[in-house]
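Trainee: Encoded as structure tokens, here's the structure I'll be asking about.
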Protein chains: 2
Amino acid sequence: MTDKKQGQIRIKSQEKILLAAQDEFISNGYKGATVQSIADLAGLPKANVLYYFKNKENIYHAVLERTLDMWDQGIGDIVYEDGPKVAIEKFVSAKVKMSFHHPKASKIYAMEIIQGAQHLKEFARTYLRKWVRDKSKIFQRWIDEGRMINIEPINLIFLIWSSTQHYADFETQILTIMNRADYEEDDVEQVTDFLTQFILRGLEIQ
Amino acid sequence: MTDKKQGQIRIKSQEKILLAAQDEFISNGYKGATVQSIADLAGLPKANVLYYFKNKENIYHAVLERTLDMWDQGIGDIVYEDGPKVAIEKFVSAKVKMSFHHPKASKIYAMEIIQGAQHLKEFARTYLRKWVRDKSKIFQRWIDEGRMINIEPINLIFLIWSSTQHYADFETQILTIMNRADYEEDDVEQVTDFLTQFILRGLEIQ
DNA sequence: GTCTATACGCGGATAGAC
DNA sequence: GTCTATCCGCGTATAGAC
């Protein structure tokens with residue numbers, strides 16, 4: 001075997017482990033998850049999993065890190081130059097896409113927060129707080145310019161986050177209520193349109 | 001000791017156990033929770049906890065049941081006779097109050113759904129599905145009468161659920177972002193007003 | 001690098017003393 | 001009814017064979 005091939009196996013195995021771990025952590029939480037289950041789901045011996053990641057804590061950190069990376073990339077951005085209408089259309093659309101295409105990332109994140117954000121306190125205190133502050137300022141500028149109704153920007157941010165993430169986190173409940181097995185590709189557009197239009201009306205934009 | 005006093009102890013102990021269990025299940029999930037932790041939090045020996053509830057599964061069921069009861073009571077109702085404006089004001093107000101005053105109930109419920117609703121599939125399939133169907137019909141009637149804008153009622157229901165519950169489930173994140181230790185009583189009113197007004201505008205009611 | 005075998009502790013549950 | 005002592009299995013992690 002060449003080094004290249006071994007490196008390939010390493011990468012492939014780590015990838016399989018992280019995907020398996022994501023499922024296991026969602027199903028059973030950090031403490032309830034077992035390395036054995038992760039190994040079984042990944043189709044590898046338990047010892048290999050621990051060889052690659054040393055211990056359970058490290059696996060979880062790796063899963064969380066990928067989740068945050070995804071948030072960072074997929075989220076798009078809110079910039080002043082877009083104006084309120086386009087900015088909100090872009091942002092809501094990106095968030096809804098994320099929820100439907102990567103519900104597991106959203107679920108891992110939600111569980112971590114509900115359980116007290118033990119592993120994400122620092123992320124919230126620094127990155128997230130700054131993000132909210134920055135975007136609030138942009139919304140406030142638009143409010144001052146009379147381009148949207150006068151609301152607390154932070155309430156708006158929470159409303160957008162919650163109403164979009166709901167389709168990922170509460171997927172099981174939504175599908176059960178609607179008596180369906182899976183989301184369809186059409187759902188993304190339907191929800192995006194509903195939320196975008198609803199929010200724009202709520203802000204009296206156009 | 002009289003029977004009465006013993007009954008009192010029984011009730012008090014069960015109450016302490018259920019409150020402790022709620023915290024433990026939120027922090028560590030069903031599988032990660034330990035009977036020993038619940039006992040410690042309740043200030044009772046582990047054997048007593050198992051004496052009252054037989055096993056961990058039963059404790060969890062009891063906690064879930066209380067959560068659903070609370071949902072049932074606290075949620076208020078949406079009735080045709082109120083008309084869309086009053087109905088939404090009442091409903092949003094009740095949901096926000098619940099989120100701020102009983103965040104733990106909301107968190108237990110959210111975790112259960114995120115993890116796949118193993119213990120609540122039946123509740124969703126029967127009770128919840130019917131609830132959504134009934135309320136959708138009421139909204140549809142108001143739509144047909146031109147008293148609110150034409151949207152999919154189910155999207156509206158999900159938006160109200162998610163935007164109100166967010167303040168309970170994501171409490172930790174919200175407080176961290178806002179750099180505060182706890183919610184204040186004023187927050188309930190502020191959030192209620194924001195969400196109510198926003199949603200009424202989104203539906204073009206008034 | 002990969003896997004088997006095992007040490008060691010924790011957790012659920014019960015038996016039985018008080 | 002209440003609590004102590006204990007059983008037994010599972011889970012993490014590692015030692016060491018291959």
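Trainee: Cα gyration tensor of region A:75-202, axes a ≥ b ≥ c as square roots of the eigenvalues: rounded (a/c below 1.5), prolate (a/b > b/c) or oblate? It would help to have the intermediate numbers written out before the result.
Mentor: Working: a/c = 2.32, a/b = 1.26, b/c = 1.84.
Note, shape of region A:75-202 comes out oblate.
Trainee: So how far apart, in nm, are the two label points at A:ASN58 and A:ILE75 if each is 7 Å from Cα heading toward Cβ?
Mentor: Between A:ASN58 and A:ILE75, the simple spin-label model gives 2.8 nm.
Trainee: Taking R0 as 30 Å, what FRET efficiency do you get between B:GLU15 and B:ARG129 from their Cβ-Cβ distance, rounded to the nearest 0.05?
Mentor: With R0 = 30 Å, the Cβ-Cβ based efficiency is 0.40.
Trainee: Okay, moving on. When the dipole is taken about the Cα centre of region A:75-202, and only Lys, Arg (+1) and Asp, Glu (-1) are charged at their Cβ, what size is it in debye, to the nearest 20?
Mentor: Magnitude of the dipole: close to 640 debye.
Trainee: Let me ask another. Looking only at B:ILE160, B:ILE88, B:ILE11, which one moves most when chain B is put into a Gaussian network model with springs between Cα atoms under 10 Å?
Mentor: B:ILE11
Trainee: Now, a different point. Given a Förster radius of 41 Å and the C-beta distance between A:HIS119 and A:GLN8 as r, what FRET efficiency does 1/(1 + (r/R0)^6) yield to the nearest 0.05?
Mentor: On the way: r = 30 Å, r/R0 = 0.73.
Between A:HIS119 and A:GLN8 the formula returns 0.85.
Trainee: Given points 7 Å out from each Cα along the Cα-Cβ axis, report the B:ASP82 to B:GLN206 separation in nanometres with one decimal.
Mentor: It is 1.5 nm.
Trainee: What nm value, rounded to one decimal, do you get for the distance between B:ASP144 and A:LYS46 when each label is placed 7 Å out toward the C-beta?
Mentor: For the pair B:ASP144/A:LYS46, the computed spacing is 6.1 nm.
Trainee: Please compute the length gained on full extension between B:GLU184 and B:GLU65, using 0.36 nm multiplied by the number of residues separating them and subtracting their Cα-Cα distance.
Mentor: 40.0 nm
Trainee: Separate question: Would you look at the GNM of chain B, springs on alpha carbons closer than 10 Å, and say which of B:THR67, B:THR176, B:THR196 moves the most?
Mentor: So, out of B:THR67, B:THR176, B:THR196, the one fluctuating most is B:THR176.
Trainee: What shape does the protein assembly as shown take by its C-alpha gyration tensor, where a ≥ b ≥ c are the square roots of the eigenvalues and a/c under 1.5 counts as rounded, a/b above b/c as prolate, and the rest as oblate?
Mentor: Oblate is the answer for the protein assembly as shown, as a/c is 1.5 or above yet b/c matches or exceeds a/b.
Trainee: A follow-up question, please. Taking the alpha-carbon centroid of each part, what is the distance from region B:109-148 to region B:19-62 in angstrom?
Mentor: So the two Cα centres are separated by 30 Å.
Trainee: Taking the Cα of B:GLU152, stepping 7 Å toward and past its beta carbon, and measuring to each backbone N in region A:190-206: which are under 18 Å?
Mentor: A:190-200
Trainee: With contacts defined as alpha carbon pairs under 8 Å and 6 or more residues apart, what's the relative contact order of region A:75-202 in percent?
Mentor: With pairs under 8 Å counted, the relative contact order is 39 percent.
None of the figures in this text is laboratory data; all of them are computed from the coordinates on show. Not measured: the values here are computed from a predicted model. A quick note on method: Cβ atoms are made from the backbone with ideal geometry, for glycine too, and the neighbour counts reach across all protein chains shown.
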